[in-house]
Amino acid sequence: MKISERQTSLYDSNQPMGPLASRLRPRDLPEFVGQNHLLGEGKVLRQMIDKDMVSSMIFWGPPGVGKTTLARIIAGRTKAEFINFSAVTSGIKEIKDVMNHADRMSVMGDKTILFVDEIHRFNKAQQDAFLPFVEKGSIVLIGATTENPSFEVNSALLSRCRVFVLNTLGQEDLLELLSNAIKDPRAFEDKKINITDEMLNIIANFANGDARVALSTLEMVILNGESDETSITVTMEMLEQCISKKSLMYDKNGEEHYNIISALHKSMRNSDVDASIYWLARMLEAGETPLYVARRVLRFASEDIGMADSRAMQIAVAAYQACHFIGMPECSVHLAHAVTYMALAPKSNALYIAYGEAASDAQNMLAEPVPMQIRNAPTKLMKDLGYGKNYVYAHDEEDKLSTMQCLPDSLIDRKYYRPTGQGQEVRVAERMAQIEQWKKEQK
C-alpha cells in the first residue's frame, strides 16, 4: 500500500456506512466530548492544535476515550502531511519506507505527522527506528497507547515526546455523547428515536467510560427497537437483553491488573470492608485466577496484620486451600470471608518492618560470624575448636530462658521487632518486656 493511499483512507467520505461510533466520529474540537483538562480554553494541547504547533506526543488512556479521534482532528487542522500507521499490521520495512518519504518531504520544507496507533505493540527495534527521525525533525510522532508508556515506550523515544493522559469519560460526558447521537442525522437518518433519559443513563453506566461501547450499545438497542416508518422506540426489555452480560475493564497482564490488586490491598489495610469486597469482586468477575488473589491475601495477613492477630494467616491459608479444592465460582465466598477478616483485623506492620531492617543488615554485613556457642559441632575437631561451647539448652533451665548471646557481636544490641499496641501485639509486647527484664536481672 502506498503512503498516499494510507492517508486518503482516513478521510474518504465515500466509505460505506460503518458502526455508529465511526459514523459519528467528531470532525473537529467543538464536536469532541470530554478531556477538558487537555482541550479546554487555554490548555496546552488545545493551544498546540489551534496554533498548528504540534510536537511529538503520546496519548495515553483507556479504550474509547478519543485518542485516535484527536489524532484525526489534528490531521484535519495541520498543514502537515498526515500518515496513519498501525502497530498491529506494520513492520520495520514499512517504517523505513515512511521515514524515507518523510525525509524527502522535510528537504522540501514540508512537515509530516505520523500517527502510530497502539505504539506499545512495537518492539524495541521498531521503536528505535523512529528515534533518529524524531530527533532531526523529519517527523512529528503522535503515538496512542492504552498501556503505561513508562513501561511500554523506549525511554529515549519517550524523553522526546510529551505525554498527554486521556481520562476515562465520566457519566455526564457519555450522556452528552448519547444525546447528541440520537439527534445527529448521520446516526439514524431522519427517524425519531424514542428512548428515555433513564435508558440513556443505564447505557452510560454500562459503558464504563468507553465512548465506543456506549455508542455500540445505543446502536444495538435502537436497531432492535420497535420501528415504524417515522420512528424507533426502545423498550426497557430490549435494553436489558442487550446489556445482560458486561465485560469488565480488567487486563490480567496490564496496568489495571496492578491498580486493582493495589486497591484491594489498600482497602483491607484501611479496614474498609465494603471497598475490599468490591475490589475482590472486580477481579474475580473479570476472570482473575482465584489462587492469585488468595496468595496476595496470604501475604497481607503477615505484612499488615502479623502478630496483632496470628489467626489471620490461618484464615488466609484456609482460603487458599478452599480455592485450590473447589475453584470458581464457589470459592468466591471463601475469598470474601478471608478479605473481610483481613479488613476487620487489628493492623500491624511490625513484622514487615522487622524483616526489612534485618534484611538490610544481612545484605550489608554478610561476613558476620555465627557466635561460637550456637554453632553446630558434628565432629570432634569442631568441638575441639570451641564450636557449641557454653551452649545453653533452654528447656533444661527452670524458666526456659537463658542469657546466651545469639546475635553476632556487631549486632549485639540490635532490635528489629517492635510490637505495636494493636490486637494481640499488646500481649506480645508484655511477654517481650518480661523476657528482657529477666535477662537484665540474671546479668
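The values are calculated or read from the model by the stated rules, or taken from the named source; none is laboratory data. Values in this document were obtained by computation on a predicted structure and should not be read as measured data. Note: ideal-geometry Cβ built from the backbone for every residue, glycine included; neighbour counts use all protein chains shown. Ligands, DNA and RNA are excluded from the accessible area calculation, which covers all protein heavy atoms including side chains. Shrake-Rupley method; radii C 1.70, N 1.55, O 1.52, S 1.80 Å.
Summary of computed values
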| item | result |
| --- | --- |
| Formal net charge of residues neighbouring residue 35 (Cβ-Cβ distance under 11 Å; K, R +1; D, E -1) | +2 |
| Segment 342-443 - convex hull of alpha carbons, volume per residue in Å³ | 153 |
| Highest-first arrangement of 114-124, 27-37, where packing means the average Cβ count within 10 Å | 114-124, 27-37 |
| Most mobile listed residue (171, 373, 241) in the chain, GNM with C-alpha springs under 10 Å | 373 |
| Candidate lysines - alpha carbon under 27 Å from residue 389, same-chain residues fewer than 8 apart omitted | 380, 400, 415, 439, 440, 443 |
| P(r), alpha carbons of segment 190-331 - 10 Å bins starting at zero, rounded % | 11, 30, 24, 17, 13, 5, 1, 0 |
| Highest to lowest packing among 388-394, 213-219, scored as the average C-beta count within 10 Å | 213-219, 388-394 |
| Set of lysines near residue 51 by C-alpha distance (under 28 Å), chain-local residues within fewer than 8 positions excluded | 43, 67, 79, 111, 136 |
| Residue 284 accessible area, 1.4 Å probe, all protein chains in place, Å² to nearest 10 | 10 |
| Rounded FRET efficiency, nearest 0.05, which uses the C-beta distance separating residue 51 from residue 235 and R0 of 41 Å | 0.25 |
| Sorted peptide list for 49-56, 317-324, criterion being average Cβ within 10 angstrom, highest first | 317-324, 49-56 |
| Mean ellipticity per residue at 222 nm, deg cm²/dmol - from DSSP H runs of n ≥ 4 across the chain, formula -39500 (n - 2.57) | -15000 deg cm²/dmol |
| The chain - Rg over Rh from alpha carbon coordinates, Kirkwood radius | 1.15 |
| Cα pair distances of segment 360-407 binned at 5 Å [whole percent] | 5, 20, 19, 19, 18, 14, 6, 1 |
| Equivalent ellipsoid semi-axes, segment 272-387, via Cα gyration tensor eigenvalues times 5, rooted, Å | 42, 17, 13 |
| Sequence-separation-based contact order of segment 43-139, relative, with Cα cut under 8 Å and 6+ spacing, percent | 30 |
| Selection from 42, 223, 438, by position along the positive dipole direction of the chain (Cβ) | 438 |
| Gain upon complete extension [residue 377, residue 391; 0.36 nm per residue less C-alpha separation] | 4.0 nm |
| Isolated Cys in the chain, by beta carbon distance under 4.7 Å | 161, 242, 406 |
| Spin-label model distance (nm) - residue 103 vs residue 432, 7 Å beyond Cα toward Cβ | 6.7 |
| Computed over the chain: relative contact order in percent, which uses C-alpha pairs under 8 Å that are six or more apart | 11 |
| Compactness of segment 159-216 as Cα Rg over 2.2 N^0.38 Å, two decimals | 1.40 |
